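As structure tokens, the structure follows; a few thoughts come after it.
The values are calculated or read from the model by the stated rules, or taken from the named source; none is laboratory data. Here the structure is a predicted model, which is why all the values come from computation and not from measurement. As a convention, Cβ positions derive from the backbone with ideal geometry for all residues, glycine included, and neighbour counts pool all protein chains shown. Note: accessible area is taken over every heavy atom of the protein model, side chains too, but ligands, DNA and RNA are not part of it. Shrake-Rupley method; radii C 1.70, N 1.55, O 1.52, S 1.80 Å.
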Amino acid sequence: MTINGILQLVVYLVLFLLLARPLGSYMARVYQGEPALLVRLLSPVERFIYRAAGVRPEQEMIWTTYAVSVLLFSAAGLIFVYALQRVQGFLPLNPQGFGAVSPDLALNTAASFVSNTNWQSYGGETSMSYLTQMLGMTVQNFASAATGMAVLVAFTRGLMRQSAHTLGNFWVDLTRSVLYILLPLAVALALILVAQGVVQTLSPAATASLVQPTVDAGGSPVTQQILATGPAASQVAIKQLGTNGGGFFNTNSAHPFENPTPLSNFLEMLAILLIAAALCITFGKLVGDTRQGWALLAVMTIILLIFLAAAYVAEAIGNPRMATLGVDLQASAAAPGGNMEGKELRFGIANSALWATVTTAASNGSVNAMHDSFSPLGGLVTLLLMQLGEVVFGGVGSGLYGMLAFVVVAVFIAGLMVGRTPEYLG
């Protein structure tokens with residue numbers, strides 16, 4: 001461990017906690033329909049969307065209607081993403097000339113992205129056209145995240161309303177999540193990432209002449225390298241903010257075209273937890289008791305700190321058996337030390353351990369280092385966070401209502417233990 005590494009972790013934790021309060025308060029105003037700067041600017045767009053879709057925003061839904069709306073919207077997204085992959089060979093914005101994705105892979109990918117799982121069994125730069133990446137994956141990164149946030153808001157209304165039979169309007173919650181929260185944040189982050197060197201282009205793949213030409217397996221000379229490019233920054237921004245994690249390139253955020261600099265790395269990690277943390281404050285505002293939101297945020301942060309410390313220590317110490325093989329495990333000006341297997345030198349131990357902890361805590365799935373090359377204890381951290389049900393911040397919306405389920409159970413058991421009627425939020 002180094003002072004520099006510890007300082008980077010502290011700066012990250014302090015900054016995302018400081019940003020949670022203003023963003024959480026803003027999201028609460030959005031969902032309550034209260035005035036805010038972006039709401040005033042974009043409200044004409046919101047009203048146009050409702051008119052075009054035939055939605056009456058003032059009409060609230062009972063829980064069954066809300067649930068059916070969520071399922072139908074997700075099913076439509078699944079069918080669309082599946083069909084898009086199957087016909088991508090006939091569509092534009094396909095400079096690589098990729099053909100149709102196989103039926104099983106297309107269904108796997110569609111189900112994965114629609115459910116905010118974003119598990120990938122393909123290499124984006126070798127399988128998906130630009131149009132599929134933008135219209136399929138990027139759009140679903142917005143839609144699946146907004147769906148989780150809408151369900152959280154409906155669940156919160158169910159807790160805070162003691163006599164009403166409705167939970168709000170799914171289409172309104174969905175639209176506001178995208179229009180006022182996800183889209184502005186994604187645009188701002190994407191512009192910063194482009195400035196840092198993340199690629200954003202519709203041009204075909206570039207070629208570069210090798211400084212040291214080589215030969216392929218057949219003995220033929222190789223003098224050029226193909227550099228995959230594409231509209232990556234726009235997808236990277238929302239994949240992190242929406243805790244989606246699906247990479248534009250196969251190696252995800254370890255790829256220099258997705259994550260080229262320490263600043264881009266820091267901002268992408270910050271984006272992973274930002275909305276999930278802020279939703280704790282949003283919850284407190286919505287139920288009229290901000291202490292509840294801060295309590296949830298504190299619990300999640302404490303658990304995260306414990307796992308982060310374990311991951312960083314394990315990776316910084318490395319495997320002592322490697323020292324007997326001549327591997328330098330001590331951090332110095334000439335060597336990063338620790339277990340650098342599967343990690344990028346430009347990020348180092350601290351940022352790799354932090355990303356691994358944050359991404360598995362938030363059910364994000366993006367990586368800047370290969371988790372299977374972590375030390376046994378460092379790898380254990382990622383497994384335990386996933387096995388906790390990903391409620392330590394978790395996915396946007398889904399992590400918090402998962403934690404609230406634990407809260408309800410805890411309150412019920414505690415009430416039985418002290419002989420009182422279990423009560424939460426009155």
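Within the range 390-421, how many residues are assigned to a loop (DSSP other than H, G, I, E, B), touching a helix residue (DSSP H, G or I) at 6+ places or on another chain (Cβ under 7 Å) and open to solvent by 50 Å² or more (accessible area, probe 1.4 Å)?
2
If you scan the range 194-206, which residues turn out to be open to solvent by less than 90 Å² (accessible area, probe 1.4 Å) and not small (G, A, S)?
V194, Q196, V198, V199, Q200, T201, P204 - these are the residues of the range 194-206 that are open to solvent by less than 90 Å² (accessible area, probe 1.4 Å) and not small (G, A, S).
Answer yes or no: is there a residue in the range 348-360 that is under 21 Å from Q196 (Cβ atoms), among the small types (G, A, S) and outside any helix (DSSP H, G or I).
no
Taking A295 as the residue in question, decide whether it is crowded, with 16+ Cβ neighbours inside 10 Å, in a helix (DSSP H, G or I) and among the aliphatic types (A, V, I, L, M).
In short, no.
Check A111, A83, A67, A146 and return the single one that is buried (at least 24 other Cβ atoms within 10 Å of the Cβ), assigned to a helix (DSSP H, G or I) and in contact with a helix residue (DSSP H, G or I) (Cβ under 9 Å, 6 or more places away or on another chain).
Going through A111, A83, A67, A146 in turn, just one is buried (at least 24 other Cβ atoms within 10 Å of the Cβ), assigned to a helix (DSSP H, G or I) and in contact with a helix residue (DSSP H, G or I) (Cβ under 9 Å, 6 or more places away or on another chain): A146.
Give me the pairs, please: first residue somewhere in the range 312-338 and without any contact (Cβ under 8 Å) to a residue 12 or more places away in the chain and farther than 19 Å from S352 by Cβ, second residue anywhere and among the aliphatic types (A, V, I, L, M) and in a loop (DSSP other than H, G, I, E, B), beta-carbon distance under 6 Å, and either six or more positions apart or on two chains.
Pairs found: A323/L329.
Working only within the range 12-40, note down all residues that are open to solvent by 70 Å² or more (accessible area, probe 1.4 Å) and either touching a Gly at 6+ places or on another chain (Cβ under 9 Å) or at pLDDT 90 or above (or both).
Residues satisfying the conditions are V14, L18, R21, P22, R29, Q32.
Which of the residues spanning the range 370-387 are under 23 Å from F406 (Cα atoms), crowded, with 17+ Cβ neighbours inside 10 Å and of a type in the set (A, V, I, L, M, F, W, C)?
V381, L385
Under 8 Å by Cβ, and 6 or more places apart or on different chains, what pairs join a residue from the range 45-57 that is over 20 Å from L167 (Cβ atoms) with one that is open to solvent by less than 70 Å² (accessible area, probe 1.4 Å) and not polar (S, T, N, Q)?
Between residues of the range 45-57 that are over 20 Å from L167 (Cβ atoms) and residues that are open to solvent by less than 70 Å² (accessible area, probe 1.4 Å) and not polar (S, T, N, Q), the close pairs are V45/L179; I49/V55; I49/L179.
Go through the range 332-368 and count every residue that is among the aliphatic types (A, V, I, L, M) and closer than 21 Å to V392 by Cα.
8
Go through the range 339-348 and count every residue that is touching a residue at least 40 places away in the same chain (Cβ under 8 Å) and open to solvent by 70 Å² or more (accessible area, probe 1.4 Å).
So the answer is 1.
Being part of a helix (DSSP H, G or I) and acidic (D, E) is the filter here, so list the residues in the range 307-346 that pass it.
Result: E315, single match.
Which number in (1) under 24 Å from G288 (Cβ atoms); (2) at pLDDT below 95; (3) of a type in the set (A, V, I, L, M, F, W, C) marks the one condition that I6 misses?
(1)
Could you say whether any residue in the range 154-175 is at pLDDT 95 or above, crowded, with 24+ Cβ neighbours inside 10 Å and among the β-branched types (V, I, T)?
Scanning the range 154-175, I find no residue that is at pLDDT 95 or above, crowded, with 24+ Cβ neighbours inside 10 Å and among the β-branched types (V, I, T), so the answer is no.
Out of all the residues in the range 59-69, is one or more within 26 Å of the chain's Cα centre (by Cα), aliphatic (A, V, I, L, M) and at pLDDT 95 or above?
Scanning the range 59-69, I find at least one residue that is within 26 Å of the chain's Cα centre (by Cα), aliphatic (A, V, I, L, M) and at pLDDT 95 or above, so the answer is yes.
Return yes or no: is N351 within 16 Å of the chain's Cα centre (by Cα), surrounded by 17 or more Cβ atoms within 10 Å (Cβ to Cβ) and closer than 21 Å to V381 by Cβ?
no
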